[in-house]
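Here the structure is laid out as structure tokens; the discussion comes afterwards.
The values are calculated or read from the model by the stated rules, or taken from the named source; none is laboratory data. As the structure is a computational prediction, the values presented were derived from the model and not from experiment. Neighbour counts run over all protein chains shown; Cβ positions are idealised from the backbone, glycine included. We work out accessible area using only protein heavy atoms, side chains counted, and drop any ligands, DNA or RNA first. Shrake-Rupley method; radii C 1.70, N 1.55, O 1.52, S 1.80 Å.
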2 protein chains.
Amino acid sequence: MEKNIPYKIYLSEEEMPKYWYNVKAHMKSKHAPFINPATQKPCSKDDLKSVFCDECVEQELNDTDELIEIPQGIRDFYKMFRPSPLVRAYFLEKLLDTPARIYYKFEGNNTSGSHKLNSAAAQAYYAKKQGLKSITTETGAGQWGTALAMAAAFYGLNLDVYMVKVSAMQKPHRREVIRTYGANVITSPSETTNAGRKILAEFPETGGSLGCAISEAVEKASVTPSCRYVLGSVLDHVLLHQTVIGQECKTAMDKYGITPDVIIGCCGGGSNFGGLIAPFMGERLEGKNSVEFVGVEPASCPSLTRGKFAYDFCDAAKTTPLAKMYTLGCGFMPSPNHAGGLRYHGMSPIVSQLFHDGCIKAVAVEQKSVFEAAVMFAKCEGILPAPESSHAIRAAVDEALKCRETGEKKTILFGLTGTGYFDMSAYQKYNDGVMGDNIPSEADLQKGFETIPKCKVNGSEI
Amino acid sequence: MEKNIPYKIYLSEEEMPKYWYNVKAHMKSKHAPFINPATQKPCSKDDLKSVFCDECVEQELNDTDELIEIPQGIRDFYKMFRPSPLVRAYFLEKLLDTPARIYYKFEGNNTSGSHKLNSAAAQAYYAKKQGLKSITTETGAGQWGTALAMAAAFYGLNLDVYMVKVSAMQKPHRREVIRTYGANVITSPSETTNAGRKILAEFPETGGSLGCAISEAVEKASVTPSCRYVLGSVLDHVLLHQTVIGQECKTAMDKYGITPDVIIGCCGGGSNFGGLIAPFMGERLEGKNSVEFVGVEPASCPSLTRGKFAYDFCDAAKTTPLAKMYTLGCGFMPSPNHAGGLRYHGMSPIVSQLFHDGCIKAVAVEQKSVFEAAVMFAKCEGILPAPESSHAIRAAVDEALKCRETGEKKTILFGLTGTGYFDMSAYQKYNDGVMGDNIPSEADLQKGFETIPKCKVNGSEI
């Protein structure tokens, strides 16, 4: 093992970040504004504040301040589960017989099992500070719902979680964790909202969808006094909160003189990847480093590698503002895969803009090869990774194998976003040899693209 | 928060223990030897070496050396999931409004979800070093099976895990984690052993028992070339490996000048509790401190608080050596409860002897109050605890509430052995208000006591 660099780096309390990193301050081309689909005009602050907490809206629209202070009340909560370790993957390197140095930042050591708690903590804190009594959200795979339930319990807020019905049935234990934290779990579609009742009337047997659950949660927030809606990815303020990951990485690597050549993260809505790379990207945009950034998505839901850069709705029910992003179309139905957190039709506007500007590479990886990497990693590094996180493992392994061919001693950093303890039915399919890759055909993509709305802003089609 | 003492204490790599702590070196009354039930004489080294790995037997019988070196090969594995954090429970203290200072040592941040990996790593290492090809074990709740599967994968050993059938059916996800790590999971009773076939012939519909699974695993090891059996608790060498917990605690507390007044741990087989208290107990036995030690057991399986101090079999099938310990009788059937890891009829001979000599207090706590404490802890400290670990939480909370009454500023340390992610059906019962306490009647206990064997050693009944 390398001298003077610990195998696992934990920052001390004093070294922990006091600021989130707003990468937008360094982006020459800012991403296009949200559009209100009703007026076809950029969303006003008030449009957004009717849905989201005030402070989150301020952060959403802030593209000038590089550093945004993390309030003490959030830093206190962060202390419960942070710092997360930055680990040198010695055992994986040895197994791969690679000259590359592999590091990973592990966000799974908390009860929600993932990085989601970073933004849940912040959003619940701001809701409480604003004097709200309740928040609502939706959850698919369940990591976000768990994280928000933990944060709501900590700060003393009521929480309604609309959980996609099929997911609640397949993952009753996830549902139970959320309930244990005192949140109200409503399987979606439900009878509690107009959106839910409408879907149920039309499709009484439906297992629900994330799009429908979002519509229900937004509607519930809008009709409940002292309540706002909270989202777990995609938006700029969520990505901002996730920069605590990148900030910790940067501090730890700077401290020990480690310079990453490649940074790799899995991409669903984009917030963990964006949060991991932010401070490194900020420096690169200023010409201070030449790090390569790689976003990894499932071949079954390839928004960056096969999607279009266009204005689209953030939800399938077409109720949200329009965002300019890489999208497969808000009506795209990703084929079933086991990385629920990556089954999203769009991509964070910040990540989309950076990709469009050539600052980020994207790769799509196939499910079976992802699980192959996951099991290899579990056996040699002792952590059973979430299917989502395993996309980054796959890409990091491929990069390290390339280094074995070329002899390059690259330093690879990847984000290990969470654990797979609630995903064992996926592992079972892999172990039993009955897992597929489910890559969409060109026709499937075409069907999705047809659901991207024609959109005019200030009179001109965009 | 207290100045200069971090909220979470992580030792640095250099500070991590290089030695396990053999508390027996300080015990004036050593515990009675194992008895071979066939010869009614103390077990010889060779008796034990036919079942267990050579080095583990050496450690089992060593009652003179205070410090036993942790080989580098095990310390390398420990680095993957250790050090574990020593956490100040500020949020719990605040909620309880107690003047007590509460610390907990959290062993759940690894894929096995518990402290079990500490001994699994050691035992698999020694099996590999001895040149063995395979090991066998049994698992009930599944934490031990998972831990050993991880260790076997890491060191490259074949592993057969006999998993109690009803447990494998109730916890298919636990089973799948073990499989993912490459171990062979056999539901017990099975057709692979004489013991299993005999039970199946008599009770074809049985859901199995830990006793039967032990018998199968021991038999399988005895008929397999280059194979030994591995046990996850009770024995002295297992307790020894778990002293890495106490060693880390002691180093951390000494470093910051923290002196515990009370140390609390849950007691099933006794290895985690014994491992946590060992270095503190060693000092107390030498008159160097006056720490109070509290073992916490479920009221449904109260071996210390209501059992007998007698020679008994370690398994229900009466195949193992006899051990002098607190026992409810090897045929005692604990009523169903949700702390599978605490449903054992006996208690570690070391812990039993210390209790018999008045060095340890024991309390029994009831299931509903345990889950009440668990949910309170989950909400304020952000960790969803295992039902087993929650017994220690309950006792620590009670101690802190006593301090609120008396105004005492006691420093309480408790062992938080693991997470409850695979125990959500138990939480569901609690959340739904359908959980019972299942305390055995005097008649139930009497039935158990009748299964304690009459035992003569060197001619005299004991």
Q | In sequence order, calculated HN-Hα J values of region A:376-391 (Karplus, 6.51, -1.76, 1.60; Hz; x Gly/Pro) | A | 4, 5, 4, 5, 9, 9, x, 10, 8, x, 5, x, 4, 4, 5, 5
(Q) Name the residue from A:LEU354, A:PRO189, A:LEU239 whose Cα lies farthest towards the positive end of the charge dipole of chain A, charges +1 on Cβ of Lys and Arg and -1 on Cβ of Asp and Glu. (A) A:PRO189
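Beyond 22 Å, what percent of the Cα pairs of region A:301-399 remain?
Working: 1782 of 4851 pairs.
Percentage above 22 Å: 37.
Using a 10 Å cut-off on Cβ to Cβ distances, tally the other chain neighbours for every residue of A:426-435 and report the average as a whole number. Don't skip to the end; give the middle numbers.
On the way: counts 1, 5, 6, 1, 2, 4, 2, 0, 0, 0.
Going residue by residue through A:426-435 and averaging, the value is 2.
Which whole number gives the average, over all residues in A:375-386, of C-beta atoms from other chains lying within 10 Å of the residue C-beta?
Numbers: counts 4, 0, 0, 7, 9, 3, 4, 14, 6, 8, 1, 0.
Mean shielding by partner chains, rounded to a whole number: 5.
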Q. In debye to the nearest 20, how big a dipole does chain A give about its Cα centre with +1 on each Lys and Arg Cβ and -1 on each Asp and Glu Cβ?
A. 320
(Q) If you fit an axis through the alpha-carbon atoms of helix B:236-255 and take the longest principal axis of the Cα set of chain B, what angle between them do you get, 0 to 90°, nearest 10? (A) 10
Q | For A:VAL291, solvent-accessible area (1.4 Å; no DNA, RNA or ligand), Å² | A | 10
**Q.** Beta bridge orientation in chain B: antiparallel %, DSSP, nearest 5
**A.** 40
Q | Rounded to 10°, Cα long-axis angle of helix B:143-155 versus longest principal axis of chain B | A | 80
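What size of dipole, in debye to the nearest 20, comes out for the protein assembly as shown about its Cα centre when the only charges are +1 on Lys and Arg C-beta atoms and -1 on Asp and Glu C-beta atoms?
Numbers: 100 positive and 104 negative charges, 1 e Å.
Dipole magnitude for the protein assembly as shown comes out near 0 debye.
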**Q.** Near-label residues of region A:302-327 by backbone N, under 19 Å of a point 7 Å along Cα→Cβ of A:LYS454
**A.** A:309-313, A:318, A:322-323
**Q.** region A:171-237: GluC sites (Glu not before Pro) in DSSP loop, at most 12 other beta carbons within 10 Å
**A.** A:GLU191, A:GLU205
Q: Hey, can you find the accessible area per residue of the protein assembly as shown for me, probe 1.4 Å, expressed in square angstrom?
A: 35
Q. In the full protein assembly as shown, how much of A:SER441 is accessible to a 1.4 Å probe, in Å² to the nearest 10?
A. 50
Q | Rg/Rh for chain A, where both radii come from Cα atoms and Rh is the Kirkwood radius | A | 0.94
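At 1.4 Å probe size, put A:SER188, A:SER290 in order of accessible surface, largest to smallest.
On the way: A:SER188 0, A:SER290 105 Å².
Order by accessible area, largest first: A:SER290, A:SER188.
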Q: Distances from B:ALA201 to the same position in the other copies: list them in nm, one decimal, shortest first, using label points 7 Å from Cα along Cα→Cβ.
A: 6.8
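Across peptide A:174-180, what mean number of C-beta atoms from other chains lies inside 10 Å of a residue's C-beta? Kindly include the intermediate steps, with their values, before the conclusion.
Numbers: counts 2, 2, 10, 6, 0, 5, 12.
What the average comes to for A:174-180 is 5.
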**Q.** Rounded to the nearest 20 debye, dipole of region B:327-462 from Cβ charges on Lys, Arg, Asp, Glu
**A.** 180
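Sort A:MET325, A:MET80 by heavy-atom solvent-accessible area, probe 1.4 angstrom, most to least.
Numbers: A:MET325 0, A:MET80 25 Å².
Ranked from most to least accessible, the order is A:MET80, A:MET325.
B:SER44 to B:ASP254: extension gain in nm, 0.36 nm per residue of separation minus the Cα-Cα distance?
Details: separation 210, 0.36 × 210 = 75.60 nm, distance 3.96 nm.
Between B:SER44 and B:ASP254, full extension yields an extra 71.6 nm.
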Q.
Please list, ordered by chain and number, the residues whose modelled amide H lies under 5 Å from the amide H of B:ALA364; skip anything fewer than 5 residues away on the same chain.
A. B:GLU297
**Q.** 10 °C / 1.306 mPa s Stokes-Einstein diffusion coefficient of region A:1-159, Kirkwood radius on C-alpha pairs, µm²/s
**A.** 86
Q) Under 5 Å between amide H atoms, partner at least 5 residues away or on a different chain: which partners does A:MET163 have, H built in plane at 1.01 Å? A) A:THR139, A:ILE186, A:THR187, A:SER188
Q. Roughly how tilted is helix B:72-81, in degrees to the nearest 10 and between 0 and 90, from the longest Cα axis of chain B?
A. 60
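Restricting to DSSP loop positions (anything but H, G, I, E, B) with no more than 15 other Cβ atoms inside 10 Å of their own Cβ, which trypsin sites (Lys or Arg not before Pro) remain in region B:409-442? Please report the intermediate quantities before stating the final value.
Numbers: sites: B:LYS409, B:LYS410, B:LYS429; in loops: B:LYS409, B:LYS410.
Passing sites in region B:409-442 are B:LYS409.
Please report the antiparallel percentage of the DSSP beta bridges confined to the protein assembly as shown, to the nearest 5.
Working: 42 of 108 bridges.
Roughly 40 percent of the beta bridges in the protein assembly as shown run antiparallel, per DSSP.
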Q: Under 1.5 on a/c is rounded, so check that first for the protein assembly as shown, then, if it is not, pick prolate when a/b is larger than b/c and oblate when it is not; a ≥ b ≥ c are the square roots of the alpha carbon gyration tensor eigenvalues.
A: prolate
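Rounded to the nearest 100 Å², what is the buried accessible area between A and B, both sides summed, probe 1.4 Å? Could you put the intermediate results ahead of the total?
Numbers: alone 18190 and 18190 Å², together 32470 Å².
Buried area between the two chains comes out at roughly 3900 Å².
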**Q.** Lys/Arg +1, Asp/Glu -1 at C-beta; chain B dipole; positive extreme among B:PRO334, B:SER44, B:MET281
**A.** B:SER44
Q | Protection proxy ranking, peptides A:5-12, A:417-424, average beta carbon neighbours within 10 Å, highest first | A | A:417-424, A:5-12
Q) When the Kirkwood radius is taken over all Cα pairs of region B:361-443, what Stokes-Einstein diffusion coefficient follows at 4 °C and 1.567 mPa s, in µm²/s? A) 94
Q | Placed amide H near B:LYS41: partners under 5 Å, 5+ positions off or other chain | A | B:ASN36
Q) Ordering B:MET376, A:MET163 by how much accessible area each has at a 1.4 Å probe, largest first, what is the list? A) B:MET376, A:MET163
Q) DSSP beta bridges in region A:56-167, what fraction antiparallel, as a percent rounded to 5? A) 35
Q. To the nearest 10 square angstrom, what accessible area does B:GLU60 show with a 1.4 Å probe?
A. 10
